[in-house]
There are 2 protein chains.
Amino acid sequence: MTESKNKAATSCSNTESCCIDIEKSICSAKLFNLCELTYLCQNFYLMQFSLQVSDPKSSARAGELSTDHGTIQTPIFMPVGTIGSVKGIHISDVKNDINADIILGNTYHLYLRPGLEVIEQAGGLHKFNGWDKPILTDSGGYQVYSLSERRKLTEEGVVFQSHIDGSRHNFTPENVIDTQRLIGADIIMAFDECTPYPCDYNYAKNSLELTHRWLDRCITRFDETHPKYGYAQSLFPIVQGSTFKDLRKQSAEYIASRGADGNAIGGLSVGEPHEMMYEMTDLVCNILPKDKPRYLMGVGTPANILEGISLGVDMFDCVLPTRNGRNGMLFTKNGIINIKNEKWKNDFTVIDNEGDSFVDSLYTKAYLRHLFVAKEMLGSMIASQHNLAFYLWLVREARKHIIDGDFAGWKEKMIIKVSKRI
Amino acid sequence: MTESKNKAATSCSNTESCCIDIEKSICSAKLFNLCELTYLCQNFYLMQFSLQVSDPKSSARAGELSTDHGTIQTPIFMPVGTIGSVKGIHISDVKNDINADIILGNTYHLYLRPGLEVIEQAGGLHKFNGWDKPILTDSGGYQVYSLSERRKLTEEGVVFQSHIDGSRHNFTPENVIDTQRLIGADIIMAFDECTPYPCDYNYAKNSLELTHRWLDRCITRFDETHPKYGYAQSLFPIVQGSTFKDLRKQSAEYIASRGADGNAIGGLSVGEPHEMMYEMTDLVCNILPKDKPRYLMGVGTPANILEGISLGVDMFDCVLPTRNGRNGMLFTKNGIINIKNEKWKNDFTVIDNEGDSFVDSLYTKAYLRHLFVAKEMLGSMIASQHNLAFYLWLVREARKHIIDGDFAGWKEKMIIKVSKRI
């Protein structure tokens, strides 16, 4: 991939006086519209990752990822806003109560609803949902993979049927880049095939090669196109290879060679044993460049996240805190609570007296249990907000311990605590 | 009914030195437990209604109702917290964003879930749901009436089957007072039969007489019992009589004669034409005492509420703002919006630029429409919060205009505006 910083220069054929040349080209050949001009003349491609502290006893790192929508301190957890909303939580609370620094959007879902026309007219997803910090969009690869019977995969891309109305659509590496440009994600993910677990070696090998060819097409398209809304976008490629060491190695080396702003590890947390996930993550992290952020997609439990951090992962996302929250599962510093259990019926202590969200001290366990038993919407709202605040606390606390130099010991104790059922 | 203010005196047989006498009685006869002592020795039964301004051109009034949980400026709308939560809204937002002064709880629902044992152990509904302002509970009469095939009504009370698990229960005037004492409502409603519409005259007449006999039993039980949690409770009787003028008159006169702290009008907004509801309300308001608050139960649309205020009603409750909100209907100063309509698809203006809730300026119409189309929980949350904030704005604005002396004219214009479909 062309080095980001060089992109604007390449486009206007002059590394020294970009603005003037572009202005000339507009006046003469009308090659660029005003939006593109604005984009090219500003100092874009600002995504920078600076590694601040590396833990001496593990591969954990504390870093800082700067984007045009603000700086993200890593390691970070990214709440999932599937269809443009983090389920059950006001966007003001995502920002000011949970204190999230970046959220996710799902390209597949947003493409279907509200559709690209609406998002474009809104001026991008940030304007549409009111979130003014960074957004990462997945490529739709994972959702399309989840459709199983409703999709057909070819060299060109994927033809699939909408889970909503059965209508037919196709995703290609090229149009998935265009779509994410249009959504306006700060971080765009490459189009990949997410292999299932377990997976036949030959299937995984062929799939991996296809994912790499798709990546090349993604990069080409990315380099040919520009951001639409006046801020920079970065493309992250995804390592695949199922649970096969040689394939993971091959993929990680290929991905590393492309010099992207950040790199992701996909195809894990799809049913394989945790130890296998850690083994693959470790192997891949040792190959991916140290000076770029590493994103472990779709992971995971609090313990998974702490192990991931320990292996050198900087970014995580998962639906667990919201989805399991909606089912009454609360993650806390002292373990996992199933709030629907009879044992909480008369527990009038607050939800979490060490919790960071306002919901933790506003409501009691007995009340929250009642809301779940009575199927009141507020129950899901409270549990989701609590869980996300806890996840954000967890990664911030991990960061503190990395900086303080005692991460490895803290992590071991914490994994036992957060994994316990209480 | 015994005049409220005299009740403590009656209980301790000494109007001049209540506390000392009670202390003696505890030491000697141990007639009172500490909780009752606290209750009797404090200056309870503080519910006072002061009429501040009466509109010269209508029967509208501005008043102030003081309770041990705070003062309510009337006319007021009371958000419905059926099972202990105002659906889809954090209790902190009910208080600080919607600025509600009083909320409702449903005795029938709370009796079934979480059940009386839990509420009592919590220390009452206020402690249970975190709401520290006044609460009014209905008596369960309306819900039991809604069960139709699943209940049997006798002189003694009602035997009914739970809508949740079919289990059998019975409500009597006495146990319904006990239940509301236990829930800890500031305002307790008498047990009544809510007649359907249309209703046979003889049925309505017999039902009315039963409701009056039940009221006597409610008052007796109320006078025999004490608040459980250290603050005063008031009992409001309910006028019935279906849509028959003579029955409504008879009922209103009977209810007025009982000297309660406040009086309610039930059995309306059950399917009868609006004009008939207004006629009955007018008739009843003219009989009920001027110096006590009047509560029109289960009403209604913004127009219904303005007409009700005009007829002399001080208090309203209705599920409309939350239930219709969950279906995508928004009430605004300029009319009614069905946010699911195609016309809002690309409307990127804020939900309500004159709205009082933070949701009104945080989200756009296009985004809210998208949330409803995609069935995202956040859509129901936003619409419910907007609608309740609008309802509270409406009654406060009515109060302002009553005080300013231009209510009648404002009301006529406002009814046209708020009833329009936009």
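The values are calculated or read from the model by the stated rules, or taken from the named source; none is laboratory data. Predicted model, so just to flag it, every value in this text is computed and none were measured. FYI the Cβ positions are ideal-geometry reconstructions off the backbone, even for glycines, and counts take in every protein chain you see. Note: accessible area is taken over every heavy atom of the protein model, side chains too, but ligands, DNA and RNA are not part of it. Shrake-Rupley method; radii C 1.70, N 1.55, O 1.52, S 1.80 Å.
Relative contact order for chain B using alpha-carbon pairs under 8 Å, separation at least 6, rounded to a whole percent?
17
Hull surface divided by four, with the convex hull built on the Cα atoms of the protein assembly as shown: how many nm²?
Values: hull surface 166.5 nm².
So the Cα hull casts an average projection of 41.6 nm².
Distance between Cα centroids, segment A:307-337 to segment A:246-266: provide it in whole Å.
Centre-to-centre distance over Cα atoms comes out at 25 Å.
In 5 Å bins starting at 0, how do the alpha-carbon pair distances of segment A:235-335 split up by percent?
2, 14, 25, 23, 17, 9, 6, 3, 0
Given +1 on the Cβ of Lys and Arg, -1 on the Cβ of Asp and Glu, and no further charges, what dipole in debye does chain B carry about its Cα centre, rounded to the nearest 20?
Once rounded to the nearest 20, the dipole reads 1020 debye.
Could you provide, to the nearest whole Å², the per residue accessible area of segment B:287-390 with probe 1.4 Å? Walk me through the numbers on the way to the answer.
Values: 3050 Å² over 104 residues.
That works out to 29 Å² for each residue.
To the nearest 10 degrees, how steeply does helix A:245-257 sit against the main Cα axis of chain A, on a 0 to 90 scale?
The angle comes out near 50 degrees.
Can you give the average number of partner chain beta-carbon atoms within 10 Å of each beta-carbon in peptide A:85-96, as a whole number?
4
Give the residue from B:Gly157, B:Gln385, A:Gly325 lying farthest towards the positive end of the charge dipole for the protein assembly as shown; charges sit on Cβ (+1 for Lys and Arg, -1 for Asp and Glu) and the dipole is referred to the Cα centre.
B:Gly157
Please state the Cα pair-distance histogram of segment A:359-422 with 5 angstrom bins from zero: what percent is in each bin?
Per 5 Å bin, starting at 0, the Cα pair percentages come out as 4, 15, 19, 19, 15, 12, 9, 5, 2, 0.
Show log10 I(q)/I(0) for segment B:221-271 at q = 0.25, 0.27, 0.28, 0.30 Å⁻¹, two decimals, from a solvent-free Debye sum over equal Cα scatterers.
Results for segment B:221-271 at q = 0.25, 0.27, 0.28, 0.30 Å⁻¹ read -0.94, -1.01, -1.06, -1.14.
Looking at segment A:49-127, I'd like the Rg to Rh ratio, where Rg is from alpha-carbon atoms and Rh is Kirkwood's inverse mean 1/r. Don't skip to the answer; put the middle values down first.
Working: Rg = 15.6 Å, Rh = 14.5 Å.
Rg/Rh for segment A:49-127 comes to 1.08.
Express in % the proportion of alpha carbon pairs of segment A:320-397 at distances exceeding 18 Å.
28
For segment A:348-415, what is the charge dipole size about the Cα centre, in debye to the nearest 20, if Lys and Arg each add +1 at the Cβ and Asp and Glu each add -1 at the Cβ?
About 180 debye.
Need one value for B:245-257: mean number of C-beta atoms belonging to other chains within 10 Å of its residues' C-beta atoms.
0
Take every Cα-Cα pair in segment A:175-316 and report what % of them are more than 24 Å apart.
Here the tail beyond 24 Å accounts for 28 percent of pairs.
Towards the positive end of the charge dipole of segment A:56-150, with charges on Cβ (+1 Lys, Arg; -1 Asp, Glu), say which of A:Val86, A:Gly115, A:Gly70 has the farthest Cα.
A:Val86
Rg(Cα) of segment A:96-202 divided by 2.2 N^0.38 Å?
1.14
Quick check for me: using +1 on Lys/Arg Cβ and -1 on Asp/Glu Cβ, what's the dipole size of segment B:245-368 about its Cα centre, in debye to the nearest 20?
About 280 debye.
Could you state how much accessible area is buried at the A-B interface, both sides summed, with a 1.4 Å probe, in Å² to the nearest 100?
3500
Determine the shielding of peptide A:117-126 by partner chains: average, over its residues, the number of Cβ atoms on other chains within 10 angstrom of each Cβ.
Working: counts 2, 7, 2, 0, 5, 6, 1, 0, 0, 0.
Counting Cβ atoms of other protein chains within 10 Å of each residue's Cβ and averaging gives 2.
What percent of all Cα-Cα pairs in segment A:149-253 falls into each 10 Å bin, going from 0 up to the bin containing the maximum distance?
Whole-percent P(r) values from 0 Å outward: 15, 39, 34, 11, 1.
Run through the other copies and list how far each one's label point is from that of B:Asn341, in nm with one decimal, shortest first; the point sits 7 Å from Cα along Cα-Cβ.
5.1
Calculate, in whole percent, how much of the Cα-Cα pair population of segment B:282-422 lies beyond 22 Å.
40
Here is the link list: B:Lys365/B:Lys400; A:Lys127/B:Lys365; A:Lys290/A:Lys411. Which ones come out longer than 18 Å on Cα distance? Each step should come with its number before you reach the end.
Values: B:Lys365/B:Lys400 29 Å; A:Lys127/B:Lys365 12 Å; A:Lys290/A:Lys411 21 Å.
Pairs exceeding the cut-off: B:Lys365/B:Lys400; A:Lys290/A:Lys411.
Would you compute the Debye intensity of segment B:211-250 from its alpha-carbon atoms alone, equal scatterers and no solvent, and pass along log10 I(q)/I(0) at q = 0.16, 0.23 Å⁻¹ to two decimals?
Taking Cα atoms of segment B:211-250 as identical point scatterers yields -0.53, -0.79.
Ranking request for peptides A:232-239, A:54-61: highest mean number of other beta-carbon atoms within 10 Å first, then the rest in descending order.
Those peptides, ordered most packed to least, come out A:232-239, A:54-61.
Could you rank the peptides B:95-105, B:141-151 by their average count of other C-beta atoms within 10 Å per residue, with the highest value first?
Working: B:95-105: 21.2, B:141-151: 17.2.
Ranked from most to least packed, the peptides come out as B:95-105, B:141-151.
Take the alpha carbon gyration tensor of chain A, find the square roots of its eigenvalues, order them as a ≥ b ≥ c, and report rounded if a/c is under 1.5; if not, report prolate when a/b exceeds b/c, else oblate.
Note, shape of chain A comes out prolate.
Could you name the aspartates and glutamates whose alpha carbon sits less than 15 Å from that of A:Lys205, not counting residues in the same chain fewer than 8 places away?
A:Glu155, A:Asp192, A:Glu193, A:Asp246, A:Glu253
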